[in-house]
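Heads up: the structure comes next, in structure tokens.
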């Protein structure tokens, strides 16, 4: 297989998952059989989760010079989790989150994990 994307998808399929910090970890793959018999592995569509699937821990006020990888490292402990900031703020395009100084970014628990109760 010479196509690096196909190699990545084939390996992810064989391993059963993408790395734990990947936004595609739980995204299923499918196989398309072309008329010539070749198989093309592709990711199924991933939808951005609804905002109500996230428990907000705090908010970050965007300032000039902020970068999502740095914010993910600061708040989530891993710069490659920048996509969780995108999901929590319902952003399809990461650059939208930092385009306006003063914007409030939601810093949340991972999707589906409820906030601890205070009682």
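Of note:
- Looking across 58, 76, 68, one residue alone is more than 16 Å from residue 24 (Cα to Cα), outside the structural domain of residue 21 (by TED's automatic domain parsing) and touching a strand residue (DSSP E or B) at 6+ places or on another chain (Cβ under 6 Å). It is 58.
- Within the set 19, 35, the sole residue that is part of a loop (DSSP other than H, G, I, E, B), modelled with pLDDT of 95 or more and under 30 Å from residue 2 (Cα atoms) turns out to be 35.
- Condition check for residue 98: buried (at least 16 other Cβ atoms within 10 Å of the Cβ), modelled with pLDDT of 90 or more and either on the phi > 0 side of the Ramachandran plot or more than 16 Å from the chain's Cα centre (by Cα) (or both): yes
- Filtered by the rule that a residue be surrounded by fewer than 19 Cβ atoms within 10 Å (Cβ to Cβ) and part of a loop (DSSP other than H, G, I, E, B), the stretch 81-95 gives 90, 91, 92, 93.
- Within the stretch 58-80, residues that are in a loop (DSSP other than H, G, I, E, B) have Cβ atoms under 6 Å from residues that are surrounded by 12 or more Cβ atoms within 10 Å (Cβ to Cβ) in these pairs: 62/98; 62/103; 66/98; 78/21, counting only partners at least 6 apart in sequence or on another chain.
The values are calculated or read from the model by the stated rules, or taken from the named source; none is laboratory data. A quick note: this is a predicted structure, and the numbers were derived from the prediction, not measured. So basically every Cβ, Gly included, is an ideal-geometry build from the backbone, and we count neighbours across all protein chains shown.
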